[in-house]
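Trainee: A single structure is presented below for examination.
The values are calculated or read from the model by the stated rules, or taken from the named source; none is laboratory data. Just so we're clear, the structure is a prediction, and the values are computed from it rather than from any experiment. Don't worry about glycine lacking a Cβ; one is built from the backbone with ideal geometry, like all the others, and counts go over all protein chains shown.
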Amino acid sequence: MSNRLARATSPYLQQHADNPVDWWEWSEDALAEARALDRPILLSIGYAACHWCHVMAHESFEDEATATFMNEHFVNIKVDREERPDLDAVYMRATMAMTGHGGWPMTCVLTPAGEPFFAGTYFPPEPRQGSPAFTQVLQALAEAWSDRREEIMTVADDVLSHLSETIEPLGGALGADELGLAVDILAKQYDSEAGGFGASPKFPPSMVLEFLLRHAARTGSEQAIDMVTATCEAMARGGMYDQLGGGFARYSVDRFWRVPHFEKMLYDNALLLRVYVHWWRQTGSPLAERVARETGRFLLDELRTPEGGFASALDADSEGHEGTFYVFNPNQLMRVLGSADGAWAAQLLGVTGPGTFERGFSTLQLLVDPEDEQRWESVRSRLLTARAQRTRPARDDKVVATWNGLAITALVEAGVLLDEPDFCSAAVEAARLLVDVHLTGSDVAGGMVRTSRDGVAGQNSAVLEDHGAVAEAFLAVLGLTGDARWLDRARGLLDRVVDHYTDPAGGFFDTDDDAETLIVRPKDASDNAYPSGTSAAVAALIAFAAVTGEHRYRAAAESGIASGSSVATQVPRFAGWTLAAAEAVLAGPLEVAVVGPADERSDLHRAALALTSPGAVVVAGEVGLEIALFEQRELVDGRVTAYVCESFVCRRPVTTVGELTASVSGSGPA
């Protein structure tokens, strides 16, 4: 059987195209079908790389009897959360409110009007560990809809009332005291033994680490930099990092970063690339430099699409098991490497007889740097060659605007700082894809689409996070190329944010004012796996204001920070990007114009990006570049010249790396 999902562009939806369940995509037609049949809606939300989504699909959605019951009693809608973050946000809030926890696959049951009255995540095919079987849940819900409709509508009304309440009151500015308080709170939640924050499972705290780096740069806080160093070392040396091929898995199931959930997401690796580059910039750590180079190379080698964008994710599973592509046992090492190198590698990489993972396999850890670097490179190369013969995990090859924006920004910084021109070229090519397909190729309201695949624009409008992350990426490309068209493109996106996403009460909604009307208009300033729409927009608005000097954008950024300040001062683990933005505001941020011919300015450009002042905005371009930051910026003595400014008040121009560094440190010419 092939259902309606065969026509979908989402790889996740296509994974369910042959289910016996009569799936619909989310649409007005699907809602109308529920109204016409007077049936509840079963809404299932997940994503292509989700392990438990695959499990539930195999156990329940591929089962004929289960599908028959679903088709008889529900209108069944399947949603890719990565394509529709607005729907995911609304119904995840409902799931959290009704159950106290969330996750994917997410299972919500709705009235035909879209109001949720039941929610959960994964349900097994048989009762297990206190969880009812999925068929039991379905039968109970169908009976309740038939026999206790009034009770259901009361629950739906209560949930809708809860969802309609303001999530967080508007706060105030985040000043030095509030930022210090956030560090104190984080220090209490910090795992001093294993790095990171809280207990297992542990997710990479990318945005919090960026905040701590900026805080340490501004204040000299040893506590902040120590938390970053220990956490970054632990993540990079554990099994969550791919010691052979580079790149980070989604999260660690244990405190010590030994055993990951093996899916690899673009957004994690983009954010972590930026963190490791900044950690290296601030400390000079050789480990930070190595991991940054390897992670950038992973993005180019494993996630780049033929059209020049970056794919969303690599699956966790292959050959029917999670992690099969990545793990080894001692016998496999011996077969590939021989007895001597196999035993040496097993000890170095923590591969044991019993195994550190499942079925006698071990994840690969590199807890200490090998003394014999040449031997390690030989071992690594041979293991990579052997691993390449295995069945590779599936790749979700859709291009998501937000995540590509994060990758572009990180690759520009890493490419310049690490002298990796391939990173820069890939970033510019991805940015051009966003312009050509997601902007120019868009025919949806709002002017930008969220996703594309095979160079073809999807049908889902971009949301706030897309506008923010892509605008910041365009500003990064402006800084790299000195091409003012990227500023114009960023302006178009941020004008849309200010004009169509602003909440009169403060901050921003996650969808624009002409988007599809949902049961509530989502608004959430808290970060999750990657920056919230609000914090992504704030970061771009701060940078844009720094380049243009236009107060409208700075004011909008400060309103966004204020809308997230309650989260930032109470639960800073979920406000790292807002806190990082506040550090930039407190530091100015510095505006640096590097003026001169492209083939002569690389050293000074690299030195400007190496400045650790929080959120410093750097643009390298020719004399006469038509942006406000370059007005009246001339060469000094015919040499490439750097102008360091704050609020467009500039220090004396400098022409050497030493003068630039001294100027920013306070010992140079004023």
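Trainee: Inspect all residues belonging to the range 544-555 and state whether any of them is touching a strand residue (DSSP E or B) at 6+ places or on another chain (Cβ under 7 Å) and in a helix (DSSP H, G or I). Write out each step before concluding.
Mentor: Step one: list which residues in the range 544-555 are touching a strand residue (DSSP E or B) at 6+ places or on another chain (Cβ under 7 Å), which gives 546-547.
Now restrict to residues that are in a helix (DSSP H, G or I): 546-547.
Taking every residue of the range 544-555 in turn, at least one turns out to be touching a strand residue (DSSP E or B) at 6+ places or on another chain (Cβ under 7 Å) and in a helix (DSSP H, G or I).
Trainee: What's the number of the only condition in (1) surrounded by fewer than 16 Cβ atoms within 10 Å (Cβ to Cβ); (2) closer than 23 Å to L209 by Cβ; (3) in contact (Cβ under 8 Å) with a residue 24 or more places away in the chain that G284 fails to meet?
Mentor: (3)
Trainee: Turning to a different aspect of this structure: Looking at the range 159-168, can you tell me whether even one residue there is free of Cβ contacts under 8 Å to residues at least 40 places away in the same chain, farther than 30 Å from T502 by Cα and not in a helix (DSSP H, G or I)?
Mentor: Looking for residues that are free of Cβ contacts under 8 Å to residues at least 40 places away in the same chain, farther than 30 Å from T502 by Cα and not in a helix (DSSP H, G or I), one finds none in the range 159-168, hence no.
Trainee: Continuing with the same structure: So how many residues does the range 230-244 have that are hydroxyl-bearing (S, T, Y) and either under 18 Å from E302 (Cβ atoms) or out of contact with any helix residue (DSSP H, G or I) (no Cβ under 7 Å at 6 or more places or on another chain) (or both)?
Mentor: Going through the range 230-244 one residue at a time, the tally reaches 1.
Trainee: If only one of A555, A575, A616 is surrounded by fewer than 20 Cβ atoms within 10 Å (Cβ to Cβ), at pLDDT 95 or above and aliphatic (A, V, I, L, M), which one is it?
Mentor: Going through A555, A575, A616 in turn, just one is surrounded by fewer than 20 Cβ atoms within 10 Å (Cβ to Cβ), at pLDDT 95 or above and aliphatic (A, V, I, L, M): A555.
Trainee: For the range 441-462, state whether one or more residues are of a type outside the set (S, T, Y) and in a helix (DSSP H, G or I).
Mentor: The answer is no; no qualifying residue exists.
Trainee: Considering the range 128-148 alone, what residues qualify as being surrounded by 13 or more Cβ atoms within 10 Å (Cβ to Cβ) and modelled with pLDDT under 90?
Mentor: S131
Trainee: Kindly indicate which of F248, F256, F203 is touching a strand residue (DSSP E or B) at 6+ places or on another chain (Cβ under 7 Å), hydrophobic (A, V, I, L, M, F, W, C) and under 21 Å from P370 (Cα atoms). Reasoning before the result, please.
Mentor: Numbers: F256 fails: touching a strand residue (DSSP E or B) at 6+ places or on another chain (Cβ under 7 Å); F203 fails: under 21 Å from P370 (Cα atoms).
Answer to the check: F248.
Trainee: While we're on this one: So E294 clears everything in (1) in contact with a helix residue (DSSP H, G or I) (Cβ under 7 Å, 6 or more places away or on another chain); (2) closer than 21 Å to F203 by Cα except one condition, right? Which one?
Mentor: For E294, the exception is condition (1).
Trainee: Please indicate, with yes or no, whether at least one residue in the range 200-218 is within 15 Å of S252 (Cα to Cα), more than 19 Å from the chain's Cα centre (by Cα) and at pLDDT below 95.
Mentor: For the range 200-218, residues within 15 Å of S252 (Cα to Cα), more than 19 Å from the chain's Cα centre (by Cα) and at pLDDT below 95: present.
Trainee: While we're looking at this one, here's another question. Kindly indicate whether A119 is among the aliphatic types (A, V, I, L, M) and within 25 Å of the chain's Cα centre (by Cα). Steps first, please.
Mentor: Values: among the aliphatic types (A, V, I, L, M): yes; within 25 Å of the chain's Cα centre (by Cα): no.
No.
Trainee: Within the group Q365, Q374, which residue is within 20 Å of A234 (Cβ to Cβ) and out of contact with any strand residue (DSSP E or B) (no Cβ under 8 Å at 6 or more places or on another chain)? Outline the logic, then answer.
Mentor: Numbers: Q374 fails: within 20 Å of A234 (Cβ to Cβ).
On inspection, the qualifying residue turns out to be Q365.
Trainee: Which members of the range 528-546 meet the condition of being surrounded by fewer than 24 Cβ atoms within 10 Å (Cβ to Cβ) and not aromatic (F, W, Y)?
Mentor: Within the range 528-546, N528, A529 qualify.
Trainee: Looking only at helices (runs of 4 or more DSSP H) that lie completely in the range 191-308, which have at least 3 residues being over 23 Å from L383 (Cβ atoms)?
Mentor: 206-219, 222-237, 266-283
Trainee: May I ask you to say which residue of D510, D488, D514 is among the charged types (D, E, K, R), modelled with pLDDT of 95 or more and closer than 29 Å to C108 by Cα?
Mentor: D510
Trainee: What helices (runs of 4 or more DSSP H) lie completely within the range 28-125 and have 1 or more residues being closer than 19 Å to A156 by Cα and in contact (Cβ under 8 Å) with a residue 12 or more places away in the chain?
Mentor: 28-37, 64-73, 85-99
Trainee: Could you tell me whether any residue of the range 309-325 is of a type in the set (A, V, I, L, M, F, W, C), in contact with a helix residue (DSSP H, G or I) (Cβ under 9 Å, 6 or more places away or on another chain), part of a helix (DSSP H, G or I) and in the same structural domain as P260 (by TED's automatic domain parsing)? Working first, answer last.
Mentor: At the first step, the residues of the range 309-325 found to be of a type in the set (A, V, I, L, M, F, W, C) are 310-311, 313-314, 316, 325.
Now drop any that are not in contact with a helix residue (DSSP H, G or I) (Cβ under 9 Å, 6 or more places away or on another chain), which leaves 310-311, 313-314, 316, 325.
When the remaining residues are screened for being part of a helix (DSSP H, G or I), the result is none.
Checked against the condition, which is being of a type in the set (A, V, I, L, M, F, W, C), in contact with a helix residue (DSSP H, G or I) (Cβ under 9 Å, 6 or more places away or on another chain), part of a helix (DSSP H, G or I) and in the same structural domain as P260 (by TED's automatic domain parsing), the range 309-325 yields no hits at all.
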